[in-house]
Amino acid sequence: MQIKFEILKKGDEVLNTWDNKISIKHKNGDVEIFVIEFDQDNLPRISEKTFLITFGKGIVSIKNDDTNFEMGTF
């Protein structure tokens with residue numbers, strides 16, 4: 001069996017895979033971590049939640065369709 005995730009864009013590269021996560025380095029230098037979950041039928045799904053690591057001043061921000069939240073960490 002092969003499970004195929006078509007999530008790369010031109011210029012992206014996979015940095016690592018572990019447990020249920022895939023880290024991808026985007027062309028602009030950002031790194032995004034995708035989480036794989038299994039649904040009730042045990043089929044793999046990519047979670048809507050990703051972790052985006054980018055350049056900045058030590059601020060963590062959380063966005064969804066309804067709200068934005070920021071907090072400083074450094």
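FYI, it's all coordinate maths here, none of it is from the lab. Note that the structure is a prediction, hence the values are computed from the model and not measured.
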Under the rule rounded for a/c under 1.5, else prolate if a/b exceeds b/c, else oblate, using alpha carbon gyration tensor axes a ≥ b ≥ c, the chain is classed as oblate
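Between VAL60 and ILE36, what length in nm is gained on full extension when 0.36 nm per residue of separation is reduced by their alpha carbon distance? Don't jump to the answer; show the numbers that get you there.
Working: separation 24, 0.36 × 24 = 8.64 nm, distance 2.21 nm.
Extra length available between VAL60 and ILE36 comes to 6.4 nm.
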Normalised by the number of residues in the chain, what is the relative contact order in percent for Cα pairs under 8 Å and 6+ residues apart? 17
Apply the Karplus curve 6.51 cos²θ - 1.76 cosθ + 1.60, θ = phi - 60°, to the phi angles in the range 41-54 and return the couplings in whole Hz, x for Gly and Pro. 9, 6, 9, x, 9, 8, 4, 5, 7, 10, 10, 10, 10, 9
For a quick check: with amide H placed at 1.01 Å from N, whose amide H comes under 5 Å from LYS21's, ignoring anything fewer than 5 positions away on the same chain? ILE36
